[in-house]
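Heads up, the thing below is written out as structure tokens.
Derivation of every value follows stated rules applied to the coordinates shown; laboratory data play no part. As the structure is a computational prediction, the values presented were derived from the model and not from experiment. Reconstructed Cβ throughout: ideal geometry from the backbone, glycine too, with neighbour counts over all protein chains shown.
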Amino acid sequence: MKLLIVEDEIQLADALSEILKRSRYSVDTVYNGIDGLDCALTGVYDCIVLDIMLPGMNGIDVLKNIRNEKISTPVILLTARSEIDDKINGLDCGADDYLTKPFVTGELLARIRALTRRKGEIVDDDKLDYNGLELIKSSAAVKWQGNDVKLSLKEYQIMEMLMANPRQILPKERIIEKIWGYESDVEYNNIEVYISFLRKKLVSISAPVQIKTARGIGYFLE
Ligand code: CA
């Protein structure tokens, strides 16, 4: 899962980013509205945490622009207690949720989980299921019947993408974009290394699920 944080209080932004990364999200952080809009318009995020009072362009205008471009990424607005009108305005403009500062990070995590839950695919907050193969968030493991095996962070993120989009071929470019980011110079064969680790791990727990290669395109689960 890829998140965008748009927050000009650098300490808060960086602290949130750290906490979210520890919860196995990949996170991009920007500190003004213009950069926030630029990133959001790529449409690659699963959720955006958007402050209202921002330099460059305020959060409400960022949100209006995102929705005008028909980008439906869930947005959580961060508001100060004094910005109550902005909050109402924000919800009218297409925000999905809001949090009033100061907030506890556990609450932000719960809101993000609620907004990024995909109907019918996630059995509970901690588990993603594909035909009995389970991806367990809290232990970063894949599980088949009684067997489980731990995944590294990148393996986990790739597996999560595959299991969240079970009937689709995931293009390599999209995996790189989501997990390594645009600026990355990850070579395609690097992904192949992670895929081969994942395949071995699926075999090691006797899972009947395989990661197939769509030659020249990407990967899918079967
Ligand atoms: Ca602010």
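Quick one: order V27, V6, V142 by neighbouring beta-carbon count within 10 Å, fewest to most.
On the way: V27 20, V6 30, V142 27.
By the 10 Å Cβ count, ascending, the order reads V27, V142, V6.
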Comparing I76, I48, I176, which has the greatest mean-square fluctuation in the GNM of the chain with Cα pairs linked when under 10 Å apart? I176
Over its alpha-carbon atoms, segment 9-93 yields an Rg and a Dmax in Å of 12.4, 34
In nm, to one decimal, how far is the modelled label at T100 from the one at N147, with both set 7 Å along Cα→Cβ? 5.3 nm
Cα-based Lys proximity count in segment 1-94, under 23 Å, for pairs eight or more positions apart or on separate chains: 5
Starting from the Cα coordinates of segment 65-187, work out the convex hull volume and express it per residue in Å³. 158 Å³
Only bridges whose two residues both fall in the chain count here: according to DSSP, what percent of them are antiparallel, nearest 5? 55 percent
Ranking of S23, S206, S152 by count of other Cβ atoms within 10 Å, fewest first: S206, S152, S23
Using Cα pairs under 8 angstrom and six or more residues apart, how large is the relative contact order of the chain, in percent? 14 percent
³J(HN,Hα) across segment 164-176 via Karplus (A = 6.51, B = -1.76, C = 1.60, θ = phi - 60°), whole Hz, x for Gly/Pro? 7, 10, x, 9, 10, 7, 8, x, 4, 4, 5, 5, 4
In whole Hz, the Karplus estimates of ³J(HN,Hα) for segment 40-55 (6.51, -1.76, 1.60; θ = phi - 60°; x where Gly or Pro) are 4, 5, 5, x, 8, 8, 8, 6, 10, 9, 10, 6, 7, 7, 9, x
Relative exposure of I84, I175, judged by other C-beta atoms within 10 Å (fewest first): I84, I175
Where does helix 10-22 land angle-wise versus the long Cα axis of the chain, in degrees 0 to 90, nearest 10? 20 degrees
Where is the GNM fluctuation largest for the chain (alpha-carbon springs, 10 angstrom cutoff): T42, T100, T79? T42
